[in-house]
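Every number in this text was worked out from the coordinates using simple rules, so none of it is lab data. Owing to the predicted nature of the structure, the values given are computational and were not obtained by experimental measurement. Neighbour counts are summed over all protein chains in view; Cβ atoms, including those assigned to glycine, are modelled from backbone coordinates with ideal geometry.
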Amino acid sequence: MCGFVGFFATSPGSALAPHWIRSLIDILAHRGPDDEGVLVEPPFGLGFRRLAILDLTPAGHQPMTSDDGRHSLVFNGEIYNYVELRDELRRLGHRFRSSGDTEVLLAAYRQWGEQCVEHLAGMFAFCVVDHRSNTMFVARDRFGIKPLFFVRHATGVLFASELKAIRRSGLWNGRLNVTRFAEFLSVGRTEEVDEDENTYLDGVGQIKPAHSCVVHFDGSMEMRHYWTLPDASPVSSRQAPEEFLGAFDESLRIHMRSDVPVGVMLSGGMDSVSIACSVAQRGTNRGMHAFCYESPEFDEKRQVRDTVEATGATLHVTHGLAPEDFWQTLRRLVWHHDEPIHSTSALMGFELYRMAAEQGVKVVLCGQGADETLGGYHHLFDHMLVSEAMRGRLLSTVLQARAASRTTGRSSRALLLRCAALVRAHVLRNSSTYRADAARRRLLRGEGRQYLVPEFRDLASVRHESPAGQTLAVALRRSTMQSPLPHYLRAEDRNSMAHGVEARVPFLDHRLVELAMRLPVQWQMSDGWNKRVLRETMRGRIPESVRARREKFGFPTSAPQWFAGPLANGLREIIEDGMVMRNGWFDRDAVRTALNEHIQGRSAAKLLFNVAQLEAWMTLNADGWAAGANAARASLPSSLHSTGGLELHTV
């Protein structure tokens, strides 16, 4: 797990200096505190910061160049099947001097070229330069677990693991993607903005998940979509549990490959508990450390206690932030994330990974991806009912609605009425006019629009299809590839790498996900139970207090209460004289009213968090995102200067 930059100079007059490349990787030092490397061989420049996980010796140093000098590689991530690939490549005549996955990846590219990505199981973003043909090849993993951004300039093309390196490069035009901000603030949630190639910086893009790109000497870029979730016949209902458990255990087995200790993120939910208990059952990770967040907003102590007793894990607990630490931590978080954050829960994740780093744990397994691929969200019951109704199973639809009512809190009648509306939407989905109208209505219903000035909110474009009327199979694909999973993976990457910790997501082995998408509906959601296949396969493996619990908790924090109490004055200062208000996006009177109503008990927490995080974001942007450790402090309202300067991970 690391950070890198790769520059391809496409202009004969481009100055390509090692100190420029080094300045870009210096700002990525938090991603790779163990080693660094720079290679400048015009027209290419590569820079790398290393977090040593596999092969801790200098043999794993990057940039890595092939023995014949033709290819050089920088690579962020983990190739979990590198052992099997190394054996295959040895049979094909390749020799290896290291024991890690980087040299295997380089050999895979030399053997299979662009098609090497089809052989990889893992999370990755990498860049290979061919010094003979003067081409550059970059690729990103299937789900976008690892980031990869780029900017095109008259002098060349720059790729980087984080946007802040592109900011520092001088190649970005300095303008914001205002349309992207309008879209996000209109709907009110980052999760409602589908993943695509755009970022919040004008002219800066990202390589999309499951895409690769070849860059030629003239600066032209050939994009290739190398993988998509396949349309395949469902697994037989009888074989589904056995096949799923086998695929899950195999994914966990290769995700445990590490030359440093591996810990787990632990909550009281099935996903993280299934990982923790399965690891303990394997007996390959003695003295496992588990990291847990406890909040007064929900109580999972019994489930966590039962899991610790079953696994023998050493538990580390954080209760999150104190309100006086909120502003300082928010500024640090915004600096690391580069883009708007989905909710205050990201603050708690930030603290969890800080705690892991303090314990010396450099690899942590987490349960991201299970809700999106296996049907973990309550709103997906709507789509399950559509699937049942469209199969002509009317009696089953009624029975499923009654069962789901116990979990969702809605009456079975309300669910059936909702189902009827969704079925109508499903029937109309083939009409492009209907799809466009549905997407437009979705945008107009956005909960943030009422707080924006008309000229700004009208910039929001209708680019994405409304999810209404989707069957469960379609909804699961959408939640995995478009929204919300990409946003949660982004938060996991930034939060973990801010502290030099690698986050691994065993539920997102692509073979396991392909199988999950082929499960019959009744093994995804049925009888009012979500993630049915996981509940069944974990019977006897995880505590029953976890397996048989219907309630699903998010990651709530105390911030909504703080916005009505100790943080209210800071918010008032932002509303009256903050930079985010001076840029003409928000209707100041509407936001002021929302704060007053929030204090009186009518929640506006999402809006207020967006105002708070964008104030930090805009201040950093104005002061120079990468300028130094105290970038935001001087121009923030005085009440926000909580406990001293902002300590950012810059060099």
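Check which residues have an amide H placed less than 5 Å from SER267's amide H, if you skip close sequence neighbours.
SER272, VAL273
Using each residue's phi in region 300-311, evaluate 6.51 cos²θ - 1.76 cosθ + 1.60 at θ = phi - 60° and report the 3J(HN,Hα) Karplus result to the nearest Hz, with x for Gly and Pro.
Each residue of region 300-311 in turn: 10, 4, 5, 5, 5, 4, 4, 5, 4, 5, 6, 9 Hz.
Check which residues have an amide H placed less than 5 Å from ASP55's amide H, if you skip close sequence neighbours.
ASP259
How about region 550-581: which GluC sites (Glu not before Pro) there lie in a loop by DSSP and see at most 14 other Cβ atoms within 10 Å?
Taking region 550-581 and a limit of 14 other Cβ atoms within 10 Å, the loop GluC sites (Glu not before Pro) found are GLU551.
How long is the gain from LEU315 to ASP87 if the chain were fully straight, where each residue apart is worth 0.36 nm and the alpha carbon distance is subtracted?
78.3 nm
Amide H neighbours of LEU176 under 5 Å, at least 5 residues apart or on other chains, H built in the peptide plane: list them.
It is ASP202, by chain and number.
Residue by residue through region 63-75, which ³J(HN,Hα) values in whole Hz follow from phi under the Karplus form 6.51 cos²θ - 1.76 cosθ + 1.60 (θ = phi - 60°), with glycine and proline marked x?
x, 10, 10, 5, 4, 7, x, 7, 10, 10, 9, 10, 8
If the cut-off is a Cα-Cα distance under 25 Å, which lysines reach LYS606, setting aside same-chain residues fewer than 8 apart in sequence?
Reachable lysines: LYS552.
How much length, in nm to one decimal, is gained on full extension between ASP249 and ALA420, taken as 0.36 nm per residue of separation minus their Cα-Cα distance?
That pair, ASP249 and ALA420, stretches by 57.6 nm at full extension.
Please list 3J(HN,Hα) in residue order for region 610-616, calculated via the Karplus relation 6.51 cos²θ - 1.76 cosθ + 1.60 where θ = phi - 60°; whole Hz, with x for glycine and proline.
Result, ordered by residue: 4, 4, 5, 6, 6, 5, 5 Hz.
Say each of GLU297 and GLU197 gets a label point 7 Å from the Cα, pointing the same way as Cα to Cβ; how far apart are those two points in nm?
My value for the distance between the label points is 3.7 nm.
If each of SER545 and GLN561 carries a label point 7 Å out from its Cα toward its Cβ, how far apart are those two points in nm?
Label-label distance for SER545 and GLN561, simple model: 2.3 nm.
Compare the Cα positions of THR179, PRO43, MET136 along the charge dipole of region 2-225 (+1 at Cβ of Lys, Arg; -1 at Cβ of Asp, Glu; about the Cα centre) and return the one farthest towards the positive end.
Toward the positive end, the furthest listed residue is PRO43.
Taking R0 as 30 Å, what FRET efficiency do you get between SER461 and ARG224 from their Cβ-Cβ distance, rounded to the nearest 0.05?
0.70
Under a Cβ-only charge scheme (Lys and Arg +1, Asp and Glu -1), can you give me the dipole magnitude of the chain about the Cα centre, in debye to the nearest 20?
It comes to approximately 1580 debye.
Sequence neighbours fewer than 8 away in the same chain don't count; with that in mind, list the lysines whose C-alpha is under 18 Å from LYS362.
LYS146
To the nearest 0.05, how large is the calculated FRET efficiency for SER237 and MET390 if R₀ is 22 Å and r is the Cβ-Cβ distance?
For SER237 and MET390, the calculated efficiency is 0.75.
Compare the Cα positions of GLY93, VAL117, GLY69 along the charge dipole of region 2-225 (+1 at Cβ of Lys, Arg; -1 at Cβ of Asp, Glu; about the Cα centre) and return the one farthest towards the positive end.
GLY69
Where the centroid of each part is defined by its Cα atoms, how far is region 351-400 from region 473-530 in Å?
Cα centroid to Cα centroid, the span is 7 Å.
Just the ratio, please: alpha-carbon radius of gyration of the chain over 2.2 N^0.38 Å, N its number of residues.
Ratio of Cα Rg to 2.2 N^0.38 Å: 0.95.
Please state the shape class of region 201-352: rounded when a/c is under 1.5, otherwise prolate if a/b exceeds b/c and oblate if not, all from the C-alpha gyration tensor.
oblate
Report relative contact order for the chain in percent, whole number only (criteria: Cα-Cα under 8 Å, sequence separation at least 6).
RCO, the chain: 16 percent.
Would you calculate the separation in nanometres between label points at ASP577 and THR179, each defined as 7 Å from the Cα along the Cα-to-beta-carbon direction?
For ASP577 paired with THR179, the spin-label model returns 3.7 nm.
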